[in-house]
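Data block below; observations after.
The values are calculated or read from the model by the stated rules, or taken from the named source; none is laboratory data. What you see is a predicted model, and the numbers here were worked out from it, not measured in a lab. Cβ placement follows ideal geometry from the backbone for every residue including glycine, while neighbour counts extend to all protein chains displayed. Surface accessibility is based on the protein's heavy atoms, side chains included, excluding ligands, DNA and RNA. Shrake-Rupley method; radii C 1.70, N 1.55, O 1.52, S 1.80 Å.
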Amino acid sequence: MRSIARRSRNCAGHHCIPAHWSNPAMYDARMEHRSEVKRQPLGHSKQADFVRMMEQKAENMVAQGSGGGRGSGFTKDKTLSSILNIDMVKHKTAEEITEIWKQYFSMKDTVFAVIPGEAFALMWERAKACPSFLYALPRREGYEFFVGQWSGLELHFTSLINIQTACDAAPSQLVLYHYRELQEEKGIALMTAEMDSRFLNVLEAQCLANQVQLFYATYRPETYKLVETFNHRPDEFKHMTIISELEQSGLGKELILRHGNTQDQK
């Protein structure tokens, strides 16, 4: 699978090393925070109520044409034709379209991707069966949880704390737009995003987008089982498994490194 791309000003041409590899004290602090998180109430008792609340939020989004809870600055009904001249690329190869997509977004601070058609077909089938999931974003003091809710081909992310305080009125902070128009003929699906820069930067948005492929496009049954459990057996769901899976995948390493460098400079 092709990885999620972004325009990056940092780590260009370098391998990013996890902060705890070079800073044992930071590693100990993060492990201590993980122990604290384990004692938080999100895991078992209230999980079923939380999933029901997410289902209500999804129903409201559909009723309002995917616009319910959309934050300011987001485009409603963002179509592929508003970005790409579809007629112009009909006779181009998937590789040529991929290059056009990359060039278009190379000067924009956003997240984008070209996803193999087979991989997106798997993601889409699973999204319809399991439309919501919990994601963990590395922060300076541990992890912040975000909920991703599919509404058609749009995937809306909202921080868990906002959902707990504003319920279904919580605005989206990141929206991933997926396009299937070229999937059958060219074997690719296109993705781009919009985000509220007051809450997320490009690197953080990329980490969340990468996790979508990690959990929804995986061929590891134990990984996708977490998504199924969250949606269909919420009382059995344990949120610490998300952190464990993220750390095992290495997707959050660059963010951990950056937070570690920031703390070292203080």
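Odds and ends about this structure:
- Residue count for the range 241-253 under the criterion of being at pLDDT below 90 and more than 21 Å from residue 205 (Cβ to Cβ): the result is 0.
- Contact map, the range 221-240: residues that are surrounded by fewer than 15 Cβ atoms within 10 Å (Cβ to Cβ) and modelled with pLDDT of 95 or more paired with residues that are of a type in the set (A, V, I, L, M, F, W, C) and outside any helix (DSSP H, G or I), Cβ distance under 9 Å, separation 6+ or inter-chain. Pairs shown: 232/130.
- When residue 158 is tested against (1) open to solvent by 10 Å² or more (accessible area, probe 1.4 Å); (2) among the polar types (S, T, N, Q); (3) assigned to a strand (DSSP E or B), just one condition goes unmet, and that condition is (1).
- Just one of the listed residues (119, 113, 94) is out of contact with any strand residue (DSSP E or B) (no Cβ under 6 Å at 6 or more places or on another chain) and among the aliphatic types (A, V, I, L, M), and it is 119.
- In the range 97-109, residue nearest to residue 193 (Cα to Cα) [restricted to those that are modelled with pLDDT of 95 or more and open to solvent by less than 90 Å² (accessible area, probe 1.4 Å)]: 101
- Within the range 140-165, tally of residues that are on the phi > 0 side of the Ramachandran plot and more than 16 Å from the chain's Cα centre (by Cα): 1
- Flag for residue 188 being farther than 25 Å from residue 104 by Cβ, surrounded by 20 or more Cβ atoms within 10 Å (Cβ to Cβ) and either at pLDDT below 95 or touching a Ser or Thr at 6+ places or on another chain (Cβ under 9 Å) (or both): no
- Residue match in the range 162-173 (condition: in a strand (DSSP E or B), open to solvent by less than 10 Å² (accessible area, probe 1.4 Å) and β-branched (Val, Ile, Thr)): no
- Taking each residue of the range 136-151 that is in contact (Cβ under 8 Å) with a residue 12 or more places away in the chain and closer than 14 Å to residue 252 by Cβ and looking for partners that are open to solvent by 10 Å² or more (accessible area, probe 1.4 Å) and of a type in the set (Phe, Trp, Tyr) with beta-carbon atoms closer than 7 Å, six or more apart or interchain, yields 136/143; 136/145; 137/143.
- Any pair with Cβ under 8 angstrom, 6 or more apart, that starts in the range 110-132 at a residue that is open to solvent by less than 40 Å² (accessible area, probe 1.4 Å) and ends at one that is part of a helix (DSSP H, G or I) and basic (Lys, Arg): 112/102; 114/102; 117/186
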